[in-house]
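Taking it in order: structure first as structure tokens, then the write-up.
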Amino acid sequence: MNSFTFKNTSLYAEDVALSDIATQFQTPCYVYSKLALTQAFDNFRAGFVGTDHLVCFAVKANPSLAILNLFANLGAGFDIVSGGELARVLAAGGDPNKIVFSGVGKTAAEMQAALNAGIFCFNVESASELIRLNKVAVAMGKVAPVSLRVNPNVDAKTHPYISTGLKNNKFGVAYEDALNIYLQAAAMSNIAIHGVDCHIGSQITELSPFLDAFDKVLDLVDALKQNNIHIRHIDAGGGIGICYSDETPPDFAAYASAMRAKLGERNIKLVFEPGRALVGNAGVLLTKVEYLKHTESKNFAIVDAAMNDLMRPALYDAYHDIKAVKPRDSSAQIYEIVGPVCESGDFLGHDRNLALEEGDLLAIMSAGAYGMSMSSNYNTRPRAAEVMVDDDTCHLIRNRESINELFANEKLLPVTS
Ligand SMILES: *Cc1c(COP(=O)(O)O)cnc(C)c1O
């Protein structure tokens, strides 16, 4: 079910008109549907009922406290990539014992914080990290639960910036080296081997890369067993794509049943780290047309949201559907939808066929993942407000930043005479 639908020719989030949200909270504004978030989480899990599993929402996709809290209440764990995300998850009421900690550059301080919190597992990405983690754990008198993130060298067939499972990228350890590093880990006093981890990329729209990677992970698990290393869980990572325009990503049920079939009789817990698939289509970015500008070759709609609010088009040339909140009957024209930032790369959509007037509202669809979380203050633009809709009620879950906050931490040089 889609939670963003037209009712009486006006776009709604659940039972609240987006135009009412713009009036109440102004634009640009991120709007999320509680129902869509809940359904995405429940649908993801449905295929794993009866299998020991843990769904760890990838916090970086959308770290809003209200969203983390919602998922925590639904029973989710969390995949974090920094000490900052650890603090967020704890502040949002997340269970530390359901946290996996990924990332290639964990600092000693971040390791300490995670050991103190008592997280479920460290996803270790290099032999050096393993040595450091053992040292930190020794100093604290604690034992660190670990998985090694292995790089299965499969092509995720996605954008190169978000493909992580090929040999030549910075993530994980080479598949061929994994057994050796596990044997080193087994000899370390304060490391407990719990799992094998694998995450091959993002916005993957075919099932086969996941299954190829999972086969390789299972081979490794079986080889480890022969070396007397018994794996308790496999972390299959995230990366399931969503539909932005006409993609046909694997449905959760097909994904789940294929994984379960491959796992077979092995007594191993399955861990997942979905990000985009849980939040991407549960949010839109609401923006207002400030100016229409017609040049010889192009029509521009200059809106009040920009690349600092939603970076994906500028960064990955990503496509987001753009809908008029109240479509007009007048004849449509082809528009470049652009923001006010001083960069030619500051666009939200190319060649969109829309009937527009200044002051109209637009919804940038599928903006729930890697939208607000990648936003910045470029051009000294305050970050947008965030609103969560629940049936016919809306809740402000993040205030719009004020301009004064943006330079509150800055200092002038001392006065010299
Ligand atoms: C980004 C990331 C994810 C989530 O990826 P999605 O494509 O949003 O599902 C999961 N695990 C790791 C290690 C990541 O870096």
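No value in this document is a laboratory result; all are computed from the given coordinates. The structure presented is a predicted model; accordingly, all values stated were derived computationally and were not measured. Every residue, glycine as well, gets a Cβ built from its backbone with ideal geometry; the counts of neighbours run over all protein chains shown.
Full extension of the segment from A46 to T107, taken as 0.36 nm per residue of separation minus the current Cα-Cα distance, would add 18.3 nm. Label-to-label distance for T9 and E247 is 3.4 nm, based on points extended 7 Å past Cα in the beta-carbon direction. Considering only L11, V143, V341, and ranking their Cα positions along the charge dipole of the chain that arises from unit charges at the beta-carbon of Lys, Arg, Asp and Glu, the one farthest toward the positive end is V143. Sequence-distant contacts, meaning Cα pairs under 8 Å at least 6 residues apart, place the relative contact order of the chain at 19 percent.
A simple spin-label model places pseudo-atoms 7 Å from Cα toward Cβ; at L65 and N169 they are separated by 3.3 nm.
Across the stretch 321-417, counting alpha-carbon atoms alone, Rg and Dmax equal 18.1, 65 Å.
Between the listed residues Y32, A369, A72, the Cα displaced farthest toward the positive end of the dipole of the chain, a dipole computed from Cβ unit charges relative to the Cα centre, is found at A72. Seen from every direction in turn and averaged, the convex hull around the alpha carbons of the chain projects onto 24.5 nm².
Under the convention that each Lys and Arg Cβ holds +1 and each Asp and Glu Cβ holds -1, the size of the dipole of the chain around its Cα centre is about 1140 debye. A cut-off of 5 Å between modelled amide H atoms, ignoring neighbours fewer than 5 places along the same chain, links H53 with L270.
Between F407 and K142, what length in nm is gained on full extension when 0.36 nm per residue of separation is reduced by their alpha carbon distance? Walk me through the numbers before you get to the answer.
Values: separation 265, 0.36 × 265 = 95.40 nm, distance 4.08 nm.
Taking 0.36 nm per residue and subtracting the Cα distance, the gain is 91.3 nm.
Rounded to the nearest Hz, the phi-derived 3J(HN,Hα) couplings of the stretch 240-250 under the Karplus curve 6.51 cos²θ - 1.76 cosθ + 1.60 (θ = phi - 60°) are 4, x, 10, 8, 8, 9, 10, 5, 10, x, x, where x marks glycine and proline. Around the amide H of Y12, modelled in the peptide plane, lie the amide H atoms of T5, F6, K7, L18, all under 5 Å away and 5 or more residues distant in sequence or on another chain. The alpha carbon centroids of the stretch 5-71 and the stretch 75-94 are separated by 18 Å. As I understand it, the value is the acute angle between the Cα axis of helix 208-226 and the longest principal axis of the Cα atoms of the chain; what does it come to in degrees, rounded to 10? On a 0 to 90 degree scale, this one is about 20.
Normalised by the number of residues in the stretch 201-261, the average gap of Cα pairs under 8 Å and 6 or more apart makes the relative contact order 50 percent. Extension gain for Q39-N353 works out to 109.9 nm (0.36 nm per residue, less the C-alpha to C-alpha distance). Over all directions, the projected convex hull of the C-alpha atoms in the stretch 34-276 averages 12.2 nm² in area. Beta bridges per DSSP, both residues in the stretch 203-361: antiparallel share near 60 percent. Just so you know, the Rg over Rh for the stretch 230-319 is 1.20, from Cα atoms, with Rh as the Kirkwood radius. Dipole check for the stretch 274-374: with +1 at the C-beta of Lys and Arg, -1 at the C-beta of Asp and Glu, and the Cα centre as origin, the magnitude is about 320 Debye.
Place a point 7 Å from Cα of S331 in the direction of its Cβ. Which residues in the stretch 341-360 have their backbone N less than 17 Å from it? Only 353-357 pass the distance filter. Of the residues A139, A318, A92, the one that moves most in a GNM of the chain with alpha-carbon contacts below 10 Å is A139.
Taking 16 Å as the cut-off, the amide N atoms of the stretch 341-377 that come nearer than this to a point 7 Å along the Cα-to-beta-carbon line of S297 belong to 344-345, 350-351. When the chain is treated as a GNM with alpha-carbon contacts under 10 Å, the residue of G172, G75, G264 showing the greatest mean-square fluctuation is G264. Note on the chain: with a GNM built from Cα contacts shorter than 10 Å, the maximum mean-square fluctuation among R266, R398, R381 falls on R266.
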